[in-house]
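Structure first, commentary second.
Readers should treat all values here as calculations from the given coordinates under stated rules, not as data from a laboratory. Note that the coordinates shown come from a computational prediction; the quantities given were computed from them, not determined experimentally. Methodologically, a virtual Cβ is constructed for each residue, glycine included, from the backbone with ideal geometry; neighbour enumeration extends over all protein chains shown.
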Amino acid sequence: MVRTERSLAFDRFQLDSHSSDLRGPSGQIPLAPKALALLQHLAARPGKLLTKRELLEVLWPRVFVADGALKVCIWQIRRALEDDAQGSRFIETVHRRGYRFIAPVRPLARRAAA
């Protein structure tokens, strides 16, 4: 699974790289493992266009997977974030090329151990 080096926050959401979960104002948001890995990969590179090929290679290394699998993950992420392709606030689709995370992202401070 793809993991970011740090936990990230955007809008009213938090991506925890240590527990590999997505949290919103109401708590944990369920997301399939590949969709969560894709969200982590995109959010760790805000503003950068990531090609479909790159994303497929990162999420499914050495396995042939059609673009449809990527589209399903994007759809799951958008549903979890209450977003859509038209007027998206988080993930921009660059037609026939790939995807770009467009929301401002900030690192989360690590919690001190008790």
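Gain in length, VAL94 to SER19, computed as 0.36 nm per residue apart minus the alpha-carbon separation, to one decimal in nm?
My answer for the length gained is 24.0 nm.
Distance between the 7 Å Cα→Cβ label points at LYS71 and ILE102: 2.0 nm. What value, in deg cm²/dmol to 500, does the helix sum -39500 (n - 2.57) over DSSP H runs of n ≥ 4 give at 222 nm once divided by the residues of the chain? Computed ellipticity for the chain at 222 nm equals -9000 deg cm²/dmol. Highest mobility in the GNM of the chain, judged by mean-square fluctuation with C-alpha springs under 10 Å and restricted to VAL63, VAL94, VAL72, is found for VAL63. Within the listed set ARG78, ARG96, ARG45, the residue fluctuating most in the Gaussian network model of the chain (springs between alpha-carbon atoms under 10 angstrom) is ARG96.
Given the convex hull over the Cα atoms of region 8-106, what projected area results after averaging over all orientations, in nm²?
Numbers: hull surface 24.1 nm².
The number I arrive at for region 8-106 is 6.0 nm².
Evaluating 6.51 cos²θ - 1.76 cosθ + 1.60 at θ = phi - 60° for every residue in region 92-103, the Karplus couplings come out as 8, 8, 9, 2, 6, 10, x, 9, 9, 7, 10, 7 Hz, glycine and proline recorded as x. Relative to the longest principal axis of the Cα atoms of the chain, helix 33-43 runs at roughly 80 degrees. If the segment from ARG53 to SER26 were pulled out straight at 0.36 nm per residue, it would be longer than the present Cα-Cα gap by 6.3 nm.
Once you list every other residue whose beta carbon is under 15 Å from the beta carbon of ASP67, what net charge do they have if Lys and Arg are +1 and Asp and Glu are -1?
Working: positive: LYS34, LYS52, ARG53, LYS71, ARG96, ARG97; negative: GLU54, GLU57.
Charge balance in the 15 Å sphere: +4.
The simple spin-label model puts a point 7 Å past each Cα toward its Cβ; for VAL63 and ASP84 those points are separated by 3.2 nm.
Near the amide H of ILE29, within less than 5 Å, lie the amide hydrogens of LEU22, ARG23, GLY24, all on another chain or at least 5 residues away, with H placed in the peptide plane. Cβ-to-Cβ counts within 10 Å put PHE10, PHE64 in ascending order as PHE64, PHE10, the fewest first.
Helix 67-80 and the longest principal axis of the Cα set of the chain meet at an angle near 30°.
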